[in-house]
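J.: Here you go, one structure.
The values are calculated or read from the model by the stated rules, or taken from the named source; none is laboratory data. From a predicted model like this one, the values you see are computed outputs, not experimental measurements. Neighbour counts run over all protein chains shown; Cβ positions are idealised from the backbone, glycine included. All accessible areas refer to the heavy atoms of the entire protein, side chains included, with ligands and DNA or RNA removed. Shrake-Rupley method; radii C 1.70, N 1.55, O 1.52, S 1.80 Å.
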Amino acid sequence: MITDFQTAVKQEEERLSVLHPTSDDIPSCTRLLDDFFLCYAVGSQMKSIYRYGQAAECRAKFEDFKFCLSNKTLSQEEKRNAWIHRRAEWWASRRINGSSEDVWDLRTASLKDFPPRTASEAYTEEGSSHVNEVANSNPSK
């Protein structure tokens, strides 16, 4: 587990730079505004209520839209770098602080006797060991 936020941000920036190599790969302000409005749509709200028991919180989507508008005066490459840095901070905070979606623990060693044997596998193994025992104990050979 990474405990240093700045290290996590740097790692996420590297990953996102590869994932979004050009400024055309980052979302436009129009797309971010659409995402904000879609968050308040009935379907999105119902899905959130079903999954989490509460209505969706759309403030982060609006903040993304406002951030995009604040970058209008920047060059395309500066916009891309600013967006990548913002997303890297978001991903790094999820890695450091965890998320409600973190329900699995990373296993460092495999489980003993997993997967469990089925009844037919157990029967086959017991039967073959019994046959081997009988064959080894037979003095006529």
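J.: If you stretched the chain out fully between T73 and D105, how much longer would it get, using 0.36 nm times the residue separation minus the C-alpha to C-alpha distance?
T.: 7.1 nm
J.: Magnitude of the Cβ-charge dipole of the range 41-89, K/R +1 and D/E -1, about the Cα centre, nearest 20 debye?
T.: 120 debye
J.: What does the accessible area per residue of the range 54-120 come to in Å², with a 1.4 Å probe and no ligands, DNA or RNA counted?
T.: Each residue of the range 54-120 exposes 81 Å² on average to a 1.4 Å probe.
J.: Separate question: Once phi is turned into θ = phi - 60°, what whole-Hz ³J(HN,Hα) does the Karplus curve with 6.51, -1.76 and 1.60 give for every residue of the range 115-120, x standing for Gly and Pro?
T.: Per-residue couplings from phi come out as x, x, 6, 7, 4, 5 Hz.
J.: Give, in nm to one decimal, the length gained when the segment between D25 and V42 is fully stretched (0.36 nm per residue of separation minus the Cα-Cα distance).
T.: 3.3 nm
J.: When we measure straight from the Cα of K47, which lysines land under 17 angstrom away, once same-chain ones fewer than 8 places off are left out?
T.: Counting by Cα, and skipping residues close in sequence, K47 has these lysines nearby: K61.
J.: List the lysines whose Cα lies under 25 Å from the Cα of K112, skipping any in the same chain that are fewer than 8 positions away.
T.: none
J.: Heavy atoms only, probe 1.4 Å: what % of the accessible area of the range 1-107 goes to carbon and sulfur, would you let me know?
T.: Of all accessible area on the range 1-107, carbon and sulfur atoms account for 55 percent.
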